[in-house]
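> Structure in structure tokens, see below.
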Amino acid sequence: MGGFIRREILEPLGLGVSAAAEALGVARPTLSRLLNEHSALTWDMALRIEKAFGPSADHLMRMQFAYDRAEAHARAPSIKVRRVVRTRSP
């Protein structure tokens, strides 16, 4: 998601990380973690992006959800659990 925000929102506006972080009212490292895909988009950040740059927070969060879902499904074969079945007591 961070790459999308960098390419589709910040670069067309000619904004670097420092200027964008200042506009969003967040610390530069916070935005950098998102843009470098070391952290996920939060509702707070999505709302800040909407207020500062225009793209809908709802749309951005739907994109984040779709990405998270795809990542989880890709990892599904390696997720090991023990299925618990409720039994009735006599």
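> By how many degrees, between 0 and 90 and to the nearest 10, does the Cα long axis of helix 57-75 differ from the longest principal axis of the chain?
The two axes meet at around 40 degrees.
> Compute the signed sum of charges (Lys and Arg +1, Asp and Glu -1) over the other residues within less than 14 Å, Cβ to Cβ, of Asn36. Mind showing how you got there, number by number?
Details: positive: Arg6, Arg7, Arg28, Arg33; negative: Glu37.
For residues surrounding Asn36, the net value is +3.
Each reported figure results from applying straightforward, stated rules to the coordinates on display, with no laboratory input. Since this is a predicted model, take the numbers as computed values, not measurements. Methodologically, a virtual Cβ is constructed for each residue, glycine included, from the backbone with ideal geometry; neighbour enumeration extends over all protein chains shown.
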